[in-house]
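The values are calculated or read from the model by the stated rules, or taken from the named source; none is laboratory data. No experiment lies behind these values; they were computed from the predicted model shown. Please note: Cβ atoms are built from the backbone with ideal geometry, for glycine as well, and neighbour counts cover all protein chains shown. Please note that ligands, DNA and RNA were not included when accessible areas were found on the heavy atoms of the full protein model with its side chains. Shrake-Rupley method; radii C 1.70, N 1.55, O 1.52, S 1.80 Å.
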Amino acid sequence: MMRLRYLPLFLLLLSSALPAQTVDWIDHFQNSTPSRFSAAVQTEILKSQFDVSSYLASKVLVQYQVGVWRAQATLNNNFEQSFLIEPEPITISLPQNGILVRPIKPPQDVYRLNFPLSFTLGLQNEQVGFSLFLAALMEKLGTHSVRVREELPGFFNLDFEPLANEQQSLLAGLRGYASLGNFRLHLGVMPTPILRFRKIELPYQYHNHILPFGELEFLHPTFRAGISAHLRSIGAFYLQNLPNPLPHISEPIQLSVRTQRSISRFGFQSLQLDLGVPLTTELSVSIGFERVWYHNREFNRQDFYNWLNTAVFNWTNSASNLLQEQSFRVGAVFKFGAETLPVIKLSHLKLLHRNIFQSKREYYANNPIAIATLHNADKRPVWCQIVANLGNTGRFKSEPIQIDADELRDVPIYLYLSGVRQFSLSRLAELTLSVEVDNRKLPLASVPITVLNETAWDGDTWSLKFFVAPNDPEVQRFAKSKYLKALCHDSTTQLAKFETLRRFIAELGREMRYVPDATTSLLVDQVQSPQETIEKKSGDCEDLVVYLASCLMSVGISCAILDVRPRIPQQLTIPTAEPGAIGHLFLLVDTGIDASQCGALGLTEFEAVSRPNAWGKATLWLPIEATLIAQGFNAAHRSGAQLYYHEVVEKQGIVKGNVHIYDF
């Protein structure tokens with residue numbers, strides 16, 4: 001056999017081809033700016049694995065797009081491949097004493113495979129896409145018939161008459177994708193024959209069974225990465241968008257790297273590099289290189305038959321690069337009637353928060369996490385929107401903004417975090433910014449952001465409000481059961497109302513245990529949810545303050561946090577975990593009783609605080625030291641009153657700015 005090994009290797013490469021191997025740069029540029037019509041030309045110099053000679057192949061792609069619908073036709077030139085196959089041994093019966101004068105070796109069979117034309121019709125947007133693929137397949141088989149001719153009596157010659165058989169087939173395949181956050185999943189069926197014209201029983205013919213494939217992509221404004229697989233190969237790819245140095249060109253340079261490895265018996269591995277450079281909004285050029293390494297080179301006739309009947313077409317709108325050992329290619333894309341996108345660039349990005357606390361969802365929705373300064377380098381006013389993504393954790397899309405020609409505009413970036421608890425540990429994420437102009441997204445920047453878990457606390461006492469959960473059903477059930485135990489029989493008098501509050505706080509502290517927390521400025525503190533404190537029956541200073549406030553507020557009792565800490569630089573945090581620390585927290589609880597009734601309740605002016613409630617009425621508030629509630633109401637109240645008098649009255653903490661009161 002001379003070249004029988006060629007065909008199985010070709011079929012192996014064909015059957016293991018990944019979706020859209022060689023035209024990513026074409027597809028990217030064709031869809032980067034709106035255009036109804038575009039054409040692409042690609043020429044390749046191919047060097048065969050088993051042949052010293054090289055040959056030239058080319059293809060032309062024509063695309064027409066209306067809205068989300070797209071139609072594309074591809075014409076392949078000189079992609080036909082010929083494979084020489086050793087014929088089966090020939091047995092000839094001659095008369096007795098007959099002589100074969102000139103025994104001639106039978107010529108080889110020639111099998112030719114070609115995909116001259118293909119067509120794709122589909123629809124696509126950012127979230128979902130679907131396409132139908134059709135391709136014409138032409139198969140030719142050149143064989144010979146044997147005729148025995150008697151030249152003289154008893155002397156015979158063999159004549160081989162060429163026979164040509166050919167047939168045409170129509171291949172069809174389906175593929176679709178769906179996006180979820182930053183991930184996109186591709187699923188489909190590789191093209192298989194659905195219709196044969198002039199059907200002939202050839203000894204060898206393309207007959208592919210239905211084969212599924214899958215591809216998982218990670219999408220990013222500046223790069224894409226993913227893995228692909230079906231029954232006989234796995235692969236990985238990476239596509240990086242690089243800034244275009246050409247003025248007034250918003251389309252980025254695209255670098256594509258792909259690698260592929262077969263997992264079948266006759267394996268191979270390949271490496272492919274492509275670089276697409278937009279020169280104008282209507283023209284882009286490309287250069288590429290591919291190298292293939294094969295693991296096995298010897299195949300028998302049965303291998304040939306098996307590979308031929310399990311071959312798979314690919315999604316490159318061509319017959320792939322077939323048996324190339326290496327390939328060099330150049331190409332160009334022309335767009336007709338393209339709409340020129342305005343050039344919007346990021347002049348400056350001021351990041352206000354490098355740590356994102358999931359507990360502060362409400363805060364980030366109303367306070368910017370960054371300020372983006374956009375520059376309109378175009379000569380016309382532009383309407384655009386800023387889009388921010390923090391993986392699957394948070395998103396933001398601004399209102400439409402008009403930026404005049406050559407104007408700099410500051411745009412606040414907010415963040416709407418998901419309400420679903422996604423992870424228990426902090427992690428590093430990417431905040432990606434892009435600008436949307438005429439329904440097209442152009443990447444602006446990508447910065448690392450630390451996303452902290454649900455229980456992480458930034459050390460700001462005001463932020464404890466995000467951990468208080470009076471409407472949580474579990475907290476409400478627990479608090480109401482405690483309140484019913486504390487409820488006095490006669491609750492109409494002011495004294496009975498006060499007694500009920502005292503007994504309720506005592507019930508909330510029953511079986512509860514204070515655990516000191518060694519918080520430092522170098523660590524991010526963690527705050528338990530009220531539900532977790534109820535389950536554990538223990539917590540540190542912040543945990544118990546949040547627990548008490550949640551339970552009291554769930555039955556309609558107002559609370560406020562009193563924060564004691566020295567004045568420090570804004571970027572520093574200090575410990576507030578326990579009495580005696582640099583900073584400390586305790587609770588003010590509204591009795592709901594008029595401030596004039598202090599003496600009637602048996603309280604001195606040092607044991608209660610007169611301050612307005614939510615309705616502006618002056619009522620009595622009780623200072624409560626949360627870390628001592630396990631010792632009963634009297635101990636927690638007495639300690640809280642002493643702290644309040646010492647820090648607020650004697651040291652004038654509120655006046656000097658060392659003490660802050662935060663109402664919920």
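Miscellaneous remarks
- Accessible surface of Ser169 - all protein chains present, 1.4 Å probe, nearest 10 Å²: 0
- Between Met190 and Leu211, Phe213, the built amide H atoms are under 5 Å apart, and every one of these is 5 or more places off in sequence or on another chain.
- Packing, taken as the mean count of other beta carbons within 10 Å per residue, orders the peptides 654-661, 447-454 from highest to lowest as 447-454, 654-661.
- Straight-line cross-link partners of Lys617 among the lysines, defined as a Cα under 24 Å from its Cα and at least 8 positions apart when in the same chain: Lys465, Lys497.
- Across Ser463, Ser418, the residue with the most accessible area heads the list, and the full order at a 1.4 Å probe is Ser418, Ser463.
- Partners of Lys47 within straight-line reach, counting lysines whose Cα lies under 25 Å from its Cα and excluding those fewer than 8 residues away in the same chain: Lys59, Lys140.
- Cleavage-rule hits, trypsin sites (Lys or Arg not before Pro), segment 414-483, DSSP coil, Cβ neighbours within 10 Å at most 16: Arg421
- The solvent-accessible area of Ser610, taken with every protein chain present and a 1.4 Å probe, is close to 80 Å².
- Computed extension length for Val447-Leu121: 113.6 nm, one decimal, from 0.36 nm per residue of separation with the Cα-Cα distance subtracted.
- Percent of C-alpha pairs per 5 Å bin, segment 112-189, short to long: 3, 11, 13, 10, 10, 9, 7, 7, 6, 5, 5, 4, 4, 3, 2, 1, 0
- In loop segments of segment 365-468 as defined by DSSP, the chymotrypsin sites (Phe, Trp or Tyr not before Pro) with at most 13 further C-beta atoms inside 10 Å of their C-beta are Phe423.
- Straight-line cross-link reach from Lys335 at under 18 Å between alpha-carbon atoms covers these aspartates and glutamates, not counting any fewer than eight positions away in the same chain: Asp24, Asp27, Glu251, Glu282, Asp438.
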